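**Q** Before I ask anything, here is the structure I am working with.
Only the coordinates and a few stated rules stand behind these numbers; no lab work does. Note that this is a predicted model, so its numbers are computed, not measured. All Cβ positions, glycine included, derive from the backbone under ideal geometry; neighbour counts span all protein chains shown.
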There are 2 protein chains.
Amino acid sequence: MAIELYATAGSVEKDLRNHVVIVVDALRATSSMITAIQNGARSIIPVSEVEEAVEMARQLGNQRVLLCGEREAKPIPEFHLSNSPLEYSSDRVSSRVLVMTTTNGTRAILRARDAKALFLGAFLNAAAVAAAARENGENIAILCAGTNGKYSLDDILCSGAIISRLLDIDGNQYMDDLARTALTLYDSYREDLRASLTGSTHVERLRALGMEEDIRFCLQEDVMDAVPCYMDGVIRDYSA
Amino acid sequence: MAIELYATAGSVEKDLRNHVVIVVDALRATSSMITAIQNGARSIIPVSEVEEAVEMARQLGNQRVLLCGEREAKPIPEFHLSNSPLEYSSDRVSSRVLVMTTTNGTRAILRARDAKALFLGAFLNAAAVAAAARENGENIAILCAGTNGKYSLDDILCSGAIISRLLDIDGNQYMDDLARTALTLYDSYREDLRASLTGSTHVERLRALGMEEDIRFCLQEDVMDAVPCYMDGVIRDYSA
């Protein structure tokens, strides 16, 4: 098995068709999507633009559709849910179709849509997504959303967590240099992930917006077994 | 002061005109260029293509010109010097004009040519290049060459060394997430840089080609005070 890690969607120069891809946007898009699927959402449709989301919801045209997402980490006016995983409770999302747009996460998912298989990962489902990826192939690429086109420590630490679970399954791996770095950082910081993220750009931005509870929620490891899987424009539970 | 770090030339999405840029290709392009300038080379002209180098040397048309560089880490047929810093001795390079082409390093230099000031850094001149950069501005971007368009641990560790010297000058800095990561890795590994690079893609490639002595040479810290500076297509000593 080989594990490659990319810090941003823009840094992937190769064709991903022979790779199983795990997209990571730990704070908060993939965490919210995993929570939604865990809590019974029927599907999630990721779209790039706010207007596109509104139009998609109009076309789907029924009461089971929820408009979800953020711009600059803030809620979008008139949308049902923001990008806080705390909002994706069973009573809100169960059996619903979610149309979702997020700044960095959606871009990463769309970049990887030609992958052999495409899963969504976060700390919440690290072990489960590692197992699903391994079932689907030998060449695994983890693609981080990053923050505004740049390397973001929260995504890298989350990738380190997923890599450690992949190594639990099969310890004999080729890892590229960034995958090695992520594992080193995760092993150094796993005892206190929240403290280790102090000073990092994205976390400080979320803190400034009063989102400490979201951060705390998203840093829980292996508490969900939902593995959102993207295929032909729609995200559904892999086990379904 | 603010310090940003980019793992590859392709990952820079912003305009660098207001930044002082340090280009790092520690194994081996910037190490060779620093060694050349330290040993009295008059100037270095970086070009992208082998044919371009040959044509440039023809135009310059005198015996003081040396053709230098590599392709896939190997010497280029008919060129005077390869990309090994061990070849850039005083007796070979003193008073010479070097026309140089390297796979990743040249690309990074050309990406940053609009910078407010552009210096070349490596372990060899970490303290000297940090001081020169700080003299020229508050916003410093370190731009790594990377390996074949990807994050390369040797360049990141070298950037960590340069960042630690920048903090020695002024400890109160904004650092982006990748700069923080580089400093963490450097602080963890500085006691044995060579061992820490075992398993990394670029180092293993150089080892397979029998270049262990080059690696050993390039990992020496602060042994040179030459600071190559790029301006208008030509690299010269900053102090000159």
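**Q** Where does the charge balance sit around A:V24 when Lys and Arg score +1, Asp and Glu -1, over other residues with C-beta under 10 Å from its C-beta? Working shown, then result.
**A** Working: positive: none; negative: A:D25, A:D154, A:D155.
Within the 10 Å Cβ shell, the charges total -3.
**Q** Considering only DSSP beta bridges where both residues belong to chain B, give the percentage that are antiparallel (nearest 5).
**A** 25 percent
**Q** Take the Cα gyration tensor of the range A:96-173, multiply each eigenvalue by 5, square-root it, and list the three semi-axes largest first, rounded to whole angstrom.
**A** 22, 15, 12
**Q** Restricting to Cα pairs below 8 Å that are 6+ residues apart, what does the relative contact order work out to for chain A? Please round to a whole percent.
**A** On the way: 513 pairs, mean separation 80.9, N = 240.
Taking the mean separation of contacting Cα pairs over the length of chain A, I get 34 percent.
**Q** How large is Rg/Rh for the range A:132-186, to two decimals, with Cα atoms and a Kirkwood Rh? Could the numbers behind the result be given before it?
**A** Numbers: Rg = 11.3 Å, Rh = 11.7 Å.
Value, to two decimals: 0.97.
**Q** Quick one: with label points 7 Å out along Cα→Cβ, list the inter-copy distances for A:N148 in nm, shortest first?
**A** Label point to label point, same position, other copies: 3.3 nm.
**Q** Moving on. For the protein assembly as shown, what is Rg from Cα atoms divided by 2.2 N^0.38 Å, rounded to two decimals?
**A** Working: Rg = 24.0 Å, N = 480, 2.2 N^0.38 = 23.0 Å.
Here the answer is 1.05, to two decimals.
**Q** Please give me, ordered by residue number, the GluC sites (Glu not before Pro) of the range B:38-108 that lie in loop per DSSP and have at most 14 other Cβ atoms within 10 Å. Could you put the intermediate results ahead of the total?
**A** On the way: sites: B:E49, B:E51, B:E52, B:E55, B:E70, B:E72, B:E78, B:E87; in loops: B:E49, B:E72, B:E78.
Here the GluC sites (Glu not before Pro) that fit, given the DSSP loop and packing criteria, are B:E49, B:E72, B:E78.
**Q** Check each of the trypsin sites (Lys or Arg not before Pro) in the range B:56-92 and keep only those in coil by DSSP with at most 16 other C-beta atoms within 10 angstrom; list them in order. Let's see the in-between values first.
**A** On the way: sites: B:R58, B:R64, B:R71, B:R92; in loops: B:R64.
Filter output for the range B:56-92: B:R64.
**Q** Under 10 °C and 1.306 mPa s, how fast does the range B:1-68 diffuse according to Stokes-Einstein, given a Kirkwood radius computed over C-alpha pairs? Answer in µm²/s, whole number. Write down the numbers at each step before the final one.
**A** Details: Rh = 14.7 Å.
Approximately 108 µm²/s, per Stokes-Einstein.
**Q** Out of A:N62, A:N136, A:N18, any idea which swings most in a Gaussian network model of chain A, alpha carbons joined below 10 Å?
**A** Its mean-square fluctuation being the largest, the pick is A:N62.
**Q** Restricting to bridges with both residues inside the protein assembly as shown, how much of the DSSP beta-bridge set is antiparallel, in percent to the nearest 5?
**A** 25 percent
**Q** Take every residue in peptide B:150-156, count the Cβ atoms of other chains within 10 Å of its Cβ, and give the average of those counts.
**A** Shielding by partners across B:150-156 averages 5.
**Q** Set the bar at 18 Å for Cα to Cα. Now go through A:K116/B:K150; A:K14/B:K150; A:K150/B:K116 and name every pair that lies beyond it. Walk me through the intermediate numbers first.
**A** Details: A:K116/B:K150 22 Å; A:K14/B:K150 11 Å; A:K150/B:K116 22 Å.
Violating the 18 Å Cα-Cα cut-off are A:K116/B:K150; A:K150/B:K116.
**Q** Could you calculate, for the range B:1-40, the ratio of the Cα radius of gyration to the Kirkwood radius, expressed as Rg to Rh?
**A** Numbers: Rg = 12.8 Å, Rh = 12.1 Å.
Across the range B:1-40, the Cα-based Rg/Rh ratio is 1.06.
**Q** Across every pair of different alpha-carbon atoms, what Kirkwood hydrodynamic radius in Å does the range B:1-139 reach?
**A** Averaging 1/r across every pair of different Cα atoms and inverting gives 15.5 Å.
**Q** Evaluate the Kirkwood expression for the hydrodynamic radius of the range B:2-231, namely the inverse of the mean inverse distance over all pairs of different C-alpha atoms, and round to one decimal in Å.
**A** On the way: mean 1/r = 0.0578 Å⁻¹.
Here the Kirkwood hydrodynamic radius works out to 17.3 Å.
**Q** While we're on this one: GNM on chain B, C-alpha springs below 10 Å: top fluctuator among B:Q63, B:Q38, B:Q173?
**A** Answer for the Gaussian network model of chain B: B:Q63.
**Q** Which one of B:H202, B:H19, B:H80 has the biggest mean-square fluctuation once chain B is modelled by GNM with Cα springs under 10 Å?
**A** Comparing B:H202, B:H19, B:H80 in a Gaussian network model of chain B, the most mobile one is B:H80.
**Q** So, one more: Give the chain A residue with the shortest beta-carbon distance to the rotation axis relating chain A to chain B, plus that distance as a whole number of Å.
**A** Residue plus distance in Å, as requested: A:S11, 3.
**Q** Once the mean 1/r over all distinct Cα pairs of the range A:158-240 is inverted, what Kirkwood radius in angstroms do you read off?
**A** On the way: mean 1/r = 0.0666 Å⁻¹.
That comes to 15.0 Å for the range A:158-240.
**Q** Something else: One decimal, nm, shortest first: give the distances between the label point of A:A195 and those of the same position in the other copies, each label point 7 Å from Cα along Cα→Cβ.
**A** Values, ascending and in nm: 2.7.
**Q** Report Rg (one decimal) and Dmax (nearest whole number) for the range B:51-129, counting Cα atoms only, units Å.
**A** 13.6, 37
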